[in-house]
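Structure first, commentary second.
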Amino acid sequence: MRKSFSLILILTVIIFSCSKKEVVIVPEIAYDYAGLEVGKYVIYDVDSLTYDDFTETVDTATYQIKEVVDSKFTDLEGEEAFKIIRYRKDHDTLGWNLIDVWNSKITATNFQKTEENIKLVKLIFPVKLNKTWNGNAMNNDAEIEYEYTSIDQTETIGGNALGSVLTVLQDESPEILINPWLYEEKYARGIGMVYKRSMNLYRSNTLPSTPWLGYDVTMTLSSYGG
């Protein structure tokens, strides 16, 4: 009788222990945030402000940028990569003009994009809130900490209702009055980058009346397809 009771007790302990195990949630890799698929394209509305404190003027420009995932190729590392062709259109009545040929690729752990011959680590996988990494890990520039500040958010960007958007904070300034800067990108599943803000301003002194010098450029999703 004692042996039977001991056996029941042991089985009870084992079952209870198994029921107490924590459920491990594996983060989703989410490669589709990169939007890399041959034939896909994204058109951005661009608003550009350039500040010149010497002439005390602000140059304003509005135009469109179109990025097309043109084709696949094997890069120098023997890995699959994608050729990105970029066009610019200054007015609605004018045609697209070729301005750049960039390239991108996805590895098991990150999404890389080469812009103006500088390779940047745009995203890392799996996607996880508050995750950080060095955006310049693939080039010789100084380390810059990128961070996921939001993931899988519903947002309306450029009039487009998007169901799953993440935000990457690439850099920002604590010196708001003297030298404010902000670099931020947003990506949507199945589309790729849908928003980009590049702002870097400064004053020669701390007087509020001193004109700014620098730039403030915003790229906002207009349309996409492919």
* To do: Go through (1) within 22 Å of Ser150 (Cα to Cα); (2) modelled with pLDDT under 95 one by one and return the number of the condition Asp52 breaks.
  => (1)
* Asked: Condition test on Gly190, is it surrounded by 14 or more Cβ atoms within 10 Å (Cβ to Cβ) and either more than 19 Å from Ile43 (Cα to Cα) or not hydrophobic (A, V, I, L, M, F, W, C) (or both)?
  -> yes
* Asked: Before we move on, is Lys122 touching a helix residue (DSSP H, G or I) at 6+ places or on another chain (Cβ under 9 Å), of a type outside the set (Val, Ile, Thr) and surrounded by 18 or more Cβ atoms within 10 Å (Cβ to Cβ)?
  -> yes
* Asked: Among strands (runs of 3 or more DSSP E) lying entirely in the range 109-211, which contain 2 or more residues that are of a type in the set (S, T, N, Q) and under 26 Å from Thr50 (Cβ atoms)?
  -> 160-172, 192-202
* Residues located in the range 206-226, provided they are farther than 19 Å from Lys186 by Cβ, among the β-branched types (Val, Ile, Thr) and in contact (Cβ under 8 Å) with a residue 60 or more places away in the chain -> Thr210
* Asked: Of the residues Asp141, Asp75, Asp100, which is without any contact (Cβ under 8 Å) to a residue 40 or more places away in the chain and closer than 21 Å to Tyr41 by Cα?
  -> Asp100
* Quick one: in the range 38-49, which of the residues that are in a strand (DSSP E or B) and of a type outside the set (Phe, Trp, Tyr) is modelled with the lowest pLDDT? -> Leu49
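The values are calculated or read from the model by the stated rules, or taken from the named source; none is laboratory data. Only a predicted model underlies this, so the values are computations on that prediction, with no experimental measurement involved. No Cβ is skipped: glycine too gets one built from the backbone with ideal geometry, and neighbour counts run over all protein chains shown.
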